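Comments concern the structure below.
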Amino acid sequence: MISFLHTLVFQSAAVMFLPMIWEIQGVWISIVVAEFMAVVLGTIFLVVKKKKYHY
C-alpha cells in the first residue's frame, strides 16, 4: 500500500501540482514531498497497527 501510494499517487500528484506553484523547482521538490508523505503514511500505519502486530 505504501509503495503503491508513494509511486503512483504521491509522486504523480506532486509532479502535477507543485510546478504550478514553484515552476521548475516544483519538479525537483516533488520527489522530496512524495518521500515525506510516504514517511508520514508509514508512521501512521505503524501507530494504528501497533496493537495488532505487537511492536
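The values are calculated or read from the model by the stated rules, or taken from the named source; none is laboratory data. Given the structure is predicted, the values throughout are model-derived calculations rather than measurements. Counting neighbours? That spans all protein chains shown, and the Cβs are built from the backbone with ideal geometry, glycine included. Please note that ligands, DNA and RNA were not included when accessible areas were found on the heavy atoms of the full protein model with its side chains. Shrake-Rupley method; radii C 1.70, N 1.55, O 1.52, S 1.80 Å.
Does residue 7 satisfy the condition of being at pLDDT below 90 and of a type in the set (S, T, N, Q)? Taking the combined requirement at face value, the residue satisfies it. The set of residues from region 18-54 being of a type in the set (Ser, Thr, Tyr) and at positive phi is empty.
Candidates are the residues of region 20-42 that are in contact (Cβ under 8 Å) with a residue 24 or more places away in the chain and hydrophobic (A, V, I, L, M, F, W, C); the one that is most open to solvent (accessible area, probe 1.4 Å) is 37.
Could you pull out the residue among 17, 4, 45 that is open to solvent by 100 Å² or more (accessible area, probe 1.4 Å), in contact with a helix residue (DSSP H, G or I) (Cβ under 9 Å, 6 or more places away or on another chain) and in a helix (DSSP H, G or I)? So that I can check it myself, show each step before the final result.
Working: 4 fails: in contact with a helix residue (DSSP H, G or I) (Cβ under 9 Å, 6 or more places away or on another chain); 45 fails: open to solvent by 100 Å² or more (accessible area, probe 1.4 Å).
Sole residue among the options that is open to solvent by 100 Å² or more (accessible area, probe 1.4 Å), in contact with a helix residue (DSSP H, G or I) (Cβ under 9 Å, 6 or more places away or on another chain) and in a helix (DSSP H, G or I): 17.
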